[in-house]
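K.L.:
One structure coming up, written as structure tokens, with questions to follow.
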Amino acid sequence: MRMTPAQSILTAYKAGLSDGRVEVPRYQTQAPSDAQELDDKAATYFRDLLGIAAPNPRPPAIQQTPARRWHPDPVRPSNNVEVRITHRHPALDFALDGVPLMRIGRSLSGPHRGRQSRFHSLKTGRTLRAASRPEFENFLHNELDPRVVTFVEQPVRLQYRDRQGRIRHYRPDCLVVRDRSWEFQEIKLEDDARREENEERWPQIASAFNGLGYAFCVLTEYQLRSEPRWSNIKLIWRDRLAASPPPDLLCAIAAALQQSEFLSVGEVLARFPDLRRKHIYALVRKGLLEIDFTSHSLGPGTFVRLGRGLRPSNGYDGEWRDERI
């Protein structure tokens, strides 16, 4: 049986072959002059490094994304009978009369299909299904955008013919209804949107929708998260659950904005000391006030005006009732 080093020393000591002392090897130490010379060289090296100016920071890479947006040409409407909308979402009860309704079943869970989250919309009065995180972010944009009247997810089923002459079917991710236009939207990650087969079919789908009189666009994370709009939307959404002011205070705010049309957030807070900034943001989320998300970051200088819910043209008579909040 092999012995450990300690056992070997103990056995040799008992046998009289060793005096029990272990010789530790000694290494030659540097002379003081050599050590001082090394310290001087190190000091000179680091002193030279400190004398070198820091390099300029590399500018962030700007992602150049194509503008994938197509508008209809009212002068040249399409007469292609093979381009048509075959089915519509049940929430599209305000248009496309005569088009059969889709059957909306339960969502199947999975990484590539089915509902990933739900979005509770005050603007539409219903709960929408978002199949991906970018689709949820697009719902945020449409919910808070004052120009958007309503929006529907997975709105229609389109039939069109591709360049090879084959009949294709396509279902967009969202329909956005504004005062004077309809726009069908496809929501993709940029890496997926720029794939060769997708870049080839976007113009074909756009041509089909344009022929029916509708706009079409492809939105990626670069459009959805453009600044300062994206940070402003997240700030509004963070305070969405703040309590609404009392009806009398809300009527006073509406009267002040009807006289001045525009007031800054700081001026509103100065006129109404009981308000906080989060209350203003909550009113923006409910569509009672409007702000500009795109120009500047939100702050005391941000201008506020009446939203759709407080405009006299939309039925507001100067007396606020709780059930309308």
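K.L.:
How about K234: which lysines have a C-alpha closer than 23 Å to its C-alpha, ignoring those fewer than 8 places off in the same chain?
P.N.:
Correct list for K234: K123, K188, K278, K286.
K.L.:
When a/c is below 1.5 the answer is rounded, else prolate if a/b is larger than b/c, else oblate, so apply that to the stretch 69-224 with a ≥ b ≥ c taken from the square roots of the Cα gyration tensor eigenvalues.
P.N.:
Working: a/c = 1.41, a/b = 1.24, b/c = 1.13.
Taking the square roots of the gyration eigenvalues as a ≥ b ≥ c, the stretch 69-224 is rounded.
K.L.:
Taking the Cα-to-Cβ direction at E82 and at Q164 and moving 7 Å from each Cα, how far apart do the two end points lie in nm?
P.N.:
The modelled label-to-label distance comes out at 1.4 nm.
K.L.:
Calculate the FRET efficiency for R180 and D274 from the Cβ-Cβ distance with a Förster distance of 35 Å, rounded to the nearest 0.05. If you can, show how the numbers build up before the last one.
P.N.:
Details: r = 39 Å, r/R0 = 1.10.
Here the calculated transfer efficiency is 0.35.
K.L.:
Amide H to amide H, which residues 5 or more places from V149 or on other chains are under 5 Å from it, using H placed in the peptide plane?
P.N.:
Here the answer is V177, R178, D179, since their amide H atoms fall under 5 Å of that of V149.
K.L.:
Then there is this: With a 10 Å radius around each residue's Cβ, average the other Cβ atoms per peptide and rank 145-155, 38-48, 241-251, highest first. List each step's numbers first, then the result.
P.N.:
Details: 145-155: 19.1, 38-48: 9.7, 241-251: 14.5.
Those peptides, ordered most packed to least, come out 145-155, 241-251, 38-48.
K.L.:
Rounded to the nearest 0.05, what FRET efficiency do R103 and N56 give with R0 = 51 Å and r taken as the Cβ-Cβ distance? Could you check?
P.N.:
On the way: r = 60 Å, r/R0 = 1.17.
Efficiency at R0 = 51 Å is approximately 0.30.
K.L.:
Any lysines with Cα under 22 Å of the K41 Cα? List them, leaving off those in the same chain fewer than 8 positions away.
P.N.:
none
K.L.:
By how many nm would the segment from R238 to R69 grow when fully extended, if each residue of separation counts as 0.36 nm and the alpha-carbon distance is taken off?
P.N.:
Values: separation 169, 0.36 × 169 = 60.84 nm, distance 3.02 nm.
That works out to 57.8 nm of additional length.
Laboratory data are not the source of any read-out in this text; all were calculated from the coordinates shown. Computed from a predicted model, the values in this text were never measured in an experiment. As a convention, Cβ positions derive from the backbone with ideal geometry for all residues, glycine included, and neighbour counts pool all protein chains shown.
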